[in-house]
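Working notes for the structure below.
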Amino acid sequence: MDDRLFNAPETGVGIALRNASIVLDDRVVEGDLAVADGLIAAGSVSGAATVDFGGDYLIPGLVDLHTDNIEQHFQPRPGVRWPSPLAAVLAYDWQMLTSGITTVLDSLSLGDYDTGGARTAMLNTAISGLDAARSAGLLRAEHAFHFRCELSDPGLLPIIDTHIGNPNLRLLSMMDHTPGQRQWHDVQLYRAFRRKKNNHVWTDEEFALYLDERRTHQERLVPAARQRIVSEAERRGIRRLPAMTIRALRMSSSRRPTASASANSRPRSLRRSMRASLGSRW
């Protein structure tokens, strides 16, 4: 990719994109597009640097509402922790950007259900690493947090109390991975998964005791944890979306600026979908 796309200035002469396949809502058109001062320009920009796309696609930046991929950078292999949180965050940020994702909700698990506390141990490091990179202006994509709350974890509520006030929190979701329902309605599939992923092998008696313990946690913990999280979210103005809306949002992965955007929303919406898709900081 042309380095000028990544190094285009926030202000100045701008950049002209020639011979691009421009993806619109309902069609793809061949043409040119200019960017100046971080915004799509109405016409040509005098003195702008020119990049010939050679027919390549030009699309709005994609929006990812739920990616667990950040965890892979902090723990690339079981039992291995990457020694530099900042390096892990920057590698993850570039991976998102080079995939066309320019707005990402970093999905972090609050609580564990089968990792022996590994995700909880990683949580503070991941949050502080992202906050440090953001404060230093090192992130290319726009990052916010999606906290996924494991309702059946006995240690969940203190973690919620610590992190629910994070100013970059945008989405809360609640999970219950108790075997015997939903994703793990077939407990033998769950047992095989744990054996393959975590090298965890139970005897039949051990597995039955494990299931009993998990179901006891579910009955004792999940209703109260769910109500507590809902109350905290409402108190802090974090909106709850109906399940159908959440599914629709997951299916809609891109956002495109419109000519009717208001003066207040225009810089953010246009910069979000254009500037970052070109790779420049915004």
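The values are calculated or read from the model by the stated rules, or taken from the named source; none is laboratory data. All values derive from a computational prediction rather than experimental measurement. Using ideal geometry, Cβ is built from the backbone for each residue, glycine included, and neighbour counts are taken over all protein chains shown. Keep in mind that these areas ignore ligands, DNA and RNA; they rest on the heavy atoms of the full protein, side chains included. Shrake-Rupley method; radii C 1.70, N 1.55, O 1.52, S 1.80 Å.
Of note:
- Any hit, segment 117-134, residues being over 14 Å from the mean Cα position of the chain (by Cα), at pLDDT below 90 and not in a helix (DSSP H, G or I): yes
- Candidates in segment 90-116 are the residues that are open to solvent by 50 Å² or more (accessible area, probe 1.4 Å) and not hydrophobic (A, V, I, L, M, F, W, C); of these, the one that is farthest from the chain's Cα centre (by Cα) is GLY116.
- Residues that are part of a helix (DSSP H, G or I) and open to solvent by 40 Å² or more (accessible area, probe 1.4 Å) are absent from segment 136-155 altogether.
- From ASP112, ASP131, ASP153, ASP106, residue being of a type in the set (Asp, Glu), farther than 30 Å from ARG214 by Cα and touching a residue at least 12 places away in the same chain (Cβ under 8 Å): ASP131
- Residue within segment 183-200 that is open to solvent by 20 Å² or more (accessible area, probe 1.4 Å), assigned to a loop (DSSP other than H, G, I, E, B) and modelled with pLDDT of 90 or more present: yes
- Residues in segment 163-182 that are hydrophobic (A, V, I, L, M, F, W, C) and assigned to a loop (DSSP other than H, G, I, E, B): ILE164 alone.
- ARG275 meets the stated requirement of being open to solvent by less than 50 Å² (accessible area, probe 1.4 Å), in a helix (DSSP H, G or I) and modelled with pLDDT under 80.
- Output for segment 125-135, where each listed residue is in contact with a helix residue (DSSP H, G or I) (Cβ under 8 Å, 6 or more places away or on another chain) and surrounded by fewer than 17 Cβ atoms within 10 Å (Cβ to Cβ): THR125, SER128, ALA132
- Hey, LEU97 more than 16 Å from SER173 (Cβ to Cβ), touching a residue at least 60 places away in the same chain (Cβ under 8 Å) and not β-branched (Val, Ile, Thr) or not: yes
- The set of residues in segment 42-52 being out of contact with any helix residue (DSSP H, G or I) (no Cβ under 6 Å at 6 or more places or on another chain) and open to solvent by 30 Å² or more (accessible area, probe 1.4 Å) consists of ALA42, GLY43, SER44, VAL45, SER46, GLY47, THR50, ASP52.
- Count of segment 127-178 residues which are of a type in the set (A, V, I, L, M) and more than 21 Å from ALA91 (Cα to Cα): 11
- Among the residues of segment 59-89, those that are buried (at least 19 other Cβ atoms within 10 Å of the Cβ) and of a type in the set (Gly, Ala, Ser) comprise GLY61, ALA88.
- Filter result for SER99 (polar (S, T, N, Q) and over 27 Å from ASN198 (Cα atoms)): yes
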